[in-house]
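Here the structure comes first, spelled out in structure tokens, and everything after it is commentary.
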Amino acid sequence: MVEELLAAGAAAGCAGVVYLAAAARVVKQYERGVVFRLGRLLGDARSPGFTLVVPFVDRMHKVNMQIVTLPVPAQEGITRDNVTVRVDAVVYFRVVDAASALVKVEDYKFAVSQMAQTSLRSIFGKSDLDDLLSNREQLNQGLELMIDSPAVGWGVQIDRVEIKDVSLPDTMKRSMARQAEADRERRARIINADAELQASKKLAEAAQAMSEQPAALQLRLLQTVVAVAAEKNSTLVLPFPVELLRFLERAPAQDHAPAPNATKIADRAAAPGVAEIPDRPPSSGVTQTPHLAPSPAVPQTPASAPAPTPGAADLPAPAPGVARAPDRPAG
């Protein structure tokens, strides 16, 4: 009898150990256990630690609650300004409701991946190339909202979405490089022009200060000569004042200017029948007689040459064959 009791106790103990071994479950700290009893969801998810289920009746699924890094395959498309680009991204998400992640969606990782791909194609199809390259923060926020809206019903929370890389065609890269080079050249020219303007203002102030003290210009000239002579060379540069060059330019113009008496002589020569009288200073007893052609308007009379009077030396003697009218007495 005792032996039968001992055998029954031993059998019961073995059955209990086997049952306990079949019912015991351990849930890790980053996991949650979802129990299905005969295919029906049983309460809330089991917390981390040791837990028991009914063998052959309950089935427990463990769900990872860690943040999952999901790379989004590169998507190729056309932006709003008709530029072909290739964009890839990465999605960070985690499960916040283990029961919904198992019940409401078949494979939440695959679902999030497909939603991220379609959202990525949609977001850069609505954006310009400049926004895609320089305004990524705003695009990341918009992409996160587009993915997070359906993922909330799946028990999944999107923590962050980042656009990793934007691949452009080679022709577009060259065009952008030329644009950047032209923009930098434009800014360099503006800076140079601004520097010239400031330098001209300072030079004007310096010239005004030197004009008040003429010795300052000479000192500045000597400083320039010293600066040039400091180098070990065989050439010495001596600058000339600008005023000297201007004086030399005006001198030939004054030499070629017509004399004031030339106009009078030209006017007298243009009049018909009037003898040309040169304007020259009187000399002692010497009278220059120019060769004058006979004029039809002057009548010919017998030659009579009166003695020269003081002050009449400037008048030329009559040419041969031309009579000269005698001087009438005054009064």
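The values are calculated or read from the model by the stated rules, or taken from the named source; none is laboratory data. All of these numbers come straight from a predicted model, not from anything done at the bench. FYI the Cβ positions are ideal-geometry reconstructions off the backbone, even for glycines, and counts take in every protein chain you see. Just the protein is used for accessible areas: all its heavy atoms, side chains included, with ligands, DNA and RNA removed. Shrake-Rupley method; radii C 1.70, N 1.55, O 1.52, S 1.80 Å.
Please work out the average accessible area per residue across the range 1-73, using the 1.4 Å probe convention, and give it in Å². Numbers along the way, then the final one.
Details: 5130 Å² over 73 residues.
For the range 1-73, the per-residue accessible area is 70 Å².
Tell me the carbon and sulfur percent of the accessible area for the range 63-160, rounded to whole percent, probe radius 1.4 Å.
On the way: 2410 of 5000 Å².
That fraction is 48 percent.
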With DNA, RNA and ligands ignored, accessible area of Lys202 (1.4 Å probe; Å², nearest 10)
130 Å²
Residue by residue, what Karplus-based ³J(HN,Hα) values in Hz, rounded to whole numbers, does the range 85-99 have, using 6.51, -1.76 and 1.60 with θ = phi - 60° and x for Gly and Pro?
10, 10, 10, 10, 8, 9, 10, 10, 8, 8, 8, 9, 9, 5, 5
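In percent, what relative contact order does the range 106-224 have, based on Cα pairs under 8 Å that are 6 or more apart in sequence?
On the way: 35 pairs, mean separation 21.1, N = 119.
Once divided by the residue count of the range 106-224, the mean separation gives 18 percent.
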Output for the range 1-88: trypsin sites (Lys or Arg not before Pro) sitting in coil per DSSP, at most 16 other Cβ within 10 Å, listed by number, reads Lys28, Arg80
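Give me the net charge of Asp81's neighbourhood, meaning all other residues with Cβ under 15 Å from the Cβ of Asp81; Lys, Arg count +1, Asp, Glu -1. Mind dumping the intermediate values first?
Numbers: positive: Arg80, Lys126; negative: Asp128, Asp130, Asp131.
Net charge around Asp81: -1.
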Which far-off residues, 5 or more places away or on another chain, put their amide H under 5 Å from the one on Leu168, with H placed in the peptide plane?
none
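Report the full-extension gain for the segment Leu38 to Asp194: residue separation times 0.36 nm, less the Cα-Cα distance, to one decimal in nm. Please list the in-between numbers first.
Values: separation 156, 0.36 × 156 = 56.16 nm, distance 8.39 nm.
Stretched fully, the Leu38-Asp194 segment lengthens by 47.8 nm.
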Gap separating the Cα centres of the range 145-162 and the range 2-76, nearest whole Å:
29 Å
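Per residue, how much accessible surface does the range 133-173 expose to a 1.4 Å probe? Answer in Å², no decimals.
Numbers: 2260 Å² over 41 residues.
Result: 55 Å² per residue.
Would you mind checking Lys173/Lys201; Lys109/Lys164; Lys62/Lys126; Lys28/Lys164 for any pair whose Cα atoms are more than 31 angstrom apart?
Values: Lys173/Lys201 42 Å; Lys109/Lys164 20 Å; Lys62/Lys126 40 Å; Lys28/Lys164 33 Å.
Long pairs (Cα-Cα over 31 Å): Lys173/Lys201; Lys62/Lys126; Lys28/Lys164.
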What net charge is computed for the residues neighbouring Val27, neighbours being all others with C-beta under 9 Å from the C-beta of Val27, Lys and Arg scored +1, Asp and Glu -1?
+4
Gyration tensor (Cα) of the range 26-118, equivalent ellipsoid semi-axes in angstrom
38, 13, 8
Probe 1.4 Å, all protein chains in place: accessible area of Glu185 in Å², nearest 10?
90 Å²
